[in-house]
1. How long are the three semi-axes of the equivalent ellipsoid for the range 163-219, computed from the Cα gyration tensor as the root of 5 times each eigenvalue, in whole Å, largest first?
2. What does the convex hull of the Cα atoms of the range 185-303 come to per residue, in Å³, rounded to a whole number?
3. Order 159-167, 94-102 from most to least packed using the mean count of other Cβ atoms within 10 Å.
4. Tell me, what ³J(HN,Hα) does each residue in the range 243-248 have, in order and in whole Hz, if you take phi through Karplus 6.51 cos²θ - 1.76 cosθ + 1.60 with θ = phi - 60° and put x for Gly and Pro?
5. What FRET efficiency, computed as 1/(1 + (r/R0)^6) with R0 = 41 Å and r the Cβ-Cβ distance, is obtained for Asp258 and Ala115, rounded to the nearest 0.05?
6. Kindly write out, for the range 210-218 in residue order, the coupling ³J(HN,Hα) from the Karplus curve 6.51 cos²θ - 1.76 cosθ + 1.60 (θ = phi - 60°), rounded to whole Hz, with x marking Gly and Pro.
7. So what is the relative contact order of the range 175-293, in percent, for Cα pairs below 8 Å that sit 6 or more residues apart?
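Just so you know, all these numbers are worked out from the coordinates, no wet-lab data involved. Values in this document were obtained by computation on a predicted structure and should not be read as measured data. In this analysis, Cβ positions are derived from the backbone assuming ideal geometry, glycine residues included, and neighbour counts consider all displayed protein chains.
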Amino acid sequence: MTRLLRALRLTAMQLALVGIAGWSAWAQLMYRTPSRYVGVVLATVALVLLALSVVFWLRALGRGTRAKRPWLVPSVLAHRVCALVIAALAFYGLFLFSNATFDIAEPTHYGTEIARIGLDETAIGIRVPLVWADVRSWRRPGELERILVKPDERERLWAGQAVVVSVRPGFHGVPWVSRIEGDVEKRSRAVLALAPDSAQIRKDLAEFYVRLGRFTEAAMATREYARRFPEDLGFPVRIATVLTSRGRFADVVTALDDMAARWDNADAYTLLGDALTMQGRRPEGQALLERARELRHLRPVAAHTPTQ
């Protein structure tokens, strides 16, 4: 019974270590600090220590209670050292977690390029969930920054690609990378130079500007899209709705003003009317809001009009 209880206690401790080590590696992946080596080294150390602790746990279970002083057994000592280091890494993960979670500042976006991505899966023939990218440093020209790449990001990144790295300042003053993605602006401009009527490319460009907080450029891209594809009302209205939620009323006017009269749509008139009113152009705004109310009032009546 004593041996069984000891085995259960060791197993519970090991499961706790597995959870702590896994969480530490996850935190380092999610809340990445740009560094040449630190992120990769610490995440690797956490996983290696986890593997070693499993080995030492199995050895400790096999020894049972035969040793008079089990705490002096080398495998037990090694297991405890691993546990202490994993605990230290967990505190580092907690630091990264709080640094990112309480960071409410807007990110700064840096255009750069991927020099290489670690673990070339085409060469080794397997998919690896945890890889890193060496990108050209935006802080120190001529140097590289090593950034752990999330699995969803990995699907869209490759060596030599122009990318945008979004960096937040951090609650504790430690900058961290919240996002890395392909530079849609460069790619879109190159495509539009050859095929200016590519509707999806223009949509991607406007949405990219919204993600980066470049709202004026998003409004201009939306206006150009609406001019070229006036039959598609839904996309400009969707972008204008986002701009309204961010208080970018001048950009809403930029996005919708040219086409609102042609569309004669209640949603477009409401967004544009609110934006004009918030800019102090109250008579124009009120006229559009009144027209939006009329259209909404007429819509159910038209739906019940009997066909001839």
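1. Values: eigenvalues 158, 27, 9 Å².
Ellipsoid semi-axes (Å, largest first): 28, 12, 7.
2. 95
3. Working: 159-167: 17.9, 94-102: 16.3.
The peptides rank, most packed first, as 159-167, 94-102.
4. With the stated coefficients, the range 243-248 comes to 4, 4, 5, 9, x, 9 Hz.
5. Working: r = 43 Å, r/R0 = 1.04.
Calculated transfer efficiency: 0.45.
6. After applying 6.51 cos²θ - 1.76 cosθ + 1.60, I find 5, 4, 8, x, 8, 6, 5, 5, 4 Hz.
7. On the way: 134 pairs, mean separation 20.1, N = 119.
It rounds to 17 percent for the range 175-293.
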